[in-house]
Each structure stands twice: as structure tokens, then as C-alpha cells.
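Visitor: A single structure is presented below for examination.
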């Protein structure tokens, strides 16, 4: 499987996977915190026929990606990709993480222009064969179709539900629900919205700028990104779950200089027996899109 992404950015950069993360600035390139060495020894890929479960990255320009790692969201485990010594295509650098378990991974890239983080917004896959259940018990598919089950990472949706079309009208209904919701956050926007059948996933960014009771010597904001899970039942969309992707408390000056964007093309990389090797092609252009996260100098105030 090949996943292609084309992104770019400028400004400060966050390091580390999961939450919390540590911030350092890189106005003229990527600088690791003092005393920490983020370089990794180069490795060679296994010979043909000896491949293990792995994720392989080919990145351009060759010097743009300084660090790459995988996040397994359920356990919050982090798996570094190491630079590969074998020949690379002209102008590209290659990285790999090998010996992986069968799971879904999100790829995170630290570049000279900022942080790019994969997020899984892929809809559940349809299944054609019902899951077995005990005598007198409803099947898993029956519970999901009735809305009494929970649809999370790696679970499947009944084929009949998957076959129902997801329309622009569905998307607009979800947008109204997301943007019309009241919460402690005083600013909210949708970064991505993906739907299929009666399931949808929305990457939502929230920003709290109002004063709180938390002590702080300087003005600060609370920034967070979450995936909200929606299901359509009886003709109406309803949110049934959520997952925090990032949550940070930032001084205003750091918030304005931070670049941290998201890309669904780098999320939900499924390593399995059927697909033991996942290949990712990624290009870093000149600028990130502020609509997809924080971009230094371009994030909405």
C-alpha cells in the first residue's frame, strides 16, 4: 500500500508523541532541546524475502524530515523510524520501522518546517460475514446496526450500513452540530470531516483564550485537537465517542509561532498479515495549509 502526502510548513515545532509534548522553536531549522540527542543510527533494510512487518517512508527533500515515528493510539506506544542506508531515489531520504506488531499506526514527522501528524479518519470497513455470537445473543453487527454497540479503531461496520451513501447534506448536518455545540472553549473549527455510510469522523480543533483560574505569569491559550465519532440513526446524526489527539497549554507568543498540522493520509496505516509492509511517500512543500492545524504566522487569531 502506498500513501502519498504533500505538505509544508514554517516556524516552531513540537517534539514528542502523545500528550503532553515539549515545545522548542526552530526559526532557521530544527533544533533539539539541549542535552537530548534525536539522531538515530542508520540501518539496512532486510533482503528480499526476509521482510518483517514494517512501515517505510520515502521523504523529499532529503534533508527536510529530521525525525519520524509511529504512534499506536490505543497504547500510546511510540516506534521510531530509522534512516535507511540503502540507495534512495534522487533527492529523497528513506526511513523504516521494522518488527512491528499487527496494528493501526499514525505517522508523525518532525521537519525543518514543523510537525506533521497523521490521524486516522478512515470509516469502519464493511463486513460481509456476521460475527459469531452465543445462543440467544444478538450479533455484534446487530448491536452496531441498532446503535447499541460502540464503533472504535479497527472495528467493522455492517455491510448494509456501509452501503448507504454519505452525502453533502450529511456533512452539513454534522458541521452544524460541531460548530453549534457549546463548551468551555470559545473557538472551534473543523480541520477534516470524513464519512461513509452511517459513520463519520471529524477532526475538531478547539481553542480557549478566555482567562481561567489557572495561575500563569503570561497570557496563555489552551489548544486541543480531537476526533469526534458520529453515527446516523433514525435519520439523525449523533456523536457517540471522541478521542483526544493533542492538548496543550501555550503562552500566546508560543501559540502564534507554533506549526503543528494534521494529515489523514498519514493516519490509520494498517500493518497486518495481509499487508506486512506499508510504504509511505511524503513531500514537504513550501507552506502548510492553516486550515489543517497550527501554522506559525498563519493560524486564525
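The values are calculated or read from the model by the stated rules, or taken from the named source; none is laboratory data. Note that the structure is predicted; figures quoted are calculated from it, not measured. Every residue, glycine as well, gets a Cβ built from its backbone with ideal geometry; the counts of neighbours run over all protein chains shown.
Visitor: So for region 135-152 (the condition being modelled with pLDDT of 95 or more, part of a loop (DSSP other than H, G, I, E, B) and surrounded by 15 or more Cβ atoms within 10 Å (Cβ to Cβ)), does at least one residue qualify? If you could, list the steps in order and put the result at the bottom.
Guide: Keep residues of region 135-152 that are modelled with pLDDT of 95 or more, which gives none.
Within region 135-152, not a single residue is modelled with pLDDT of 95 or more, part of a loop (DSSP other than H, G, I, E, B) and surrounded by 15 or more Cβ atoms within 10 Å (Cβ to Cβ).
Visitor: Next question, about the same structure. Return yes when residue 125 is out of contact with any strand residue (DSSP E or B) (no Cβ under 7 Å at 6 or more places or on another chain) and at pLDDT below 95 and no when it is not.
Guide: no
Results for (1) modelled with pLDDT of 80 or more; (2) at positive phi; (3) in a loop (DSSP other than H, G, I, E, B), shown as yes or no for each residue.
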| site | (1), (2), (3) |
| --- | --- |
| 157 | no, no, no |
| 160 | no, no, no |
| 172 | yes, no, no |
| 183 | yes, no, yes |
| 211 | no, no, yes |
| 217 | no, no, yes |
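Visitor: Can you list the strands (runs of 3 or more DSSP E) found entirely within region 228-301 that contain at least 1 residues being surrounded by fewer than 21 Cβ atoms within 10 Å (Cβ to Cβ)?
Guide: Of the strands (runs of 3 or more DSSP E) lying wholly inside region 228-301, those with at least 1 residues that are surrounded by fewer than 21 Cβ atoms within 10 Å (Cβ to Cβ) span 236-251, 269-271, 277-283.
Visitor: Related question: Among residues belonging to region 272-286 that are out of contact with any strand residue (DSSP E or B) (no Cβ under 6 Å at 6 or more places or on another chain) and modelled with pLDDT of 90 or more, point out the one that is nearest to residue 223 (Cα to Cα).
Guide: 272
Visitor: Please tell me if residue 100 is closer than 25 Å to residue 274 by Cα and assigned to a strand (DSSP E or B). Give the steps one after another, and end with the answer.
Guide: On the way: closer than 25 Å to residue 274 by Cα: yes; assigned to a strand (DSSP E or B): no.
It is false that residue 100 is closer than 25 Å to residue 274 by Cα and assigned to a strand (DSSP E or B).
Visitor: If we scan region 16-25, do we find a residue that is modelled with pLDDT of 60 or more and surrounded by fewer than 15 Cβ atoms within 10 Å (Cβ to Cβ)?
Guide: no
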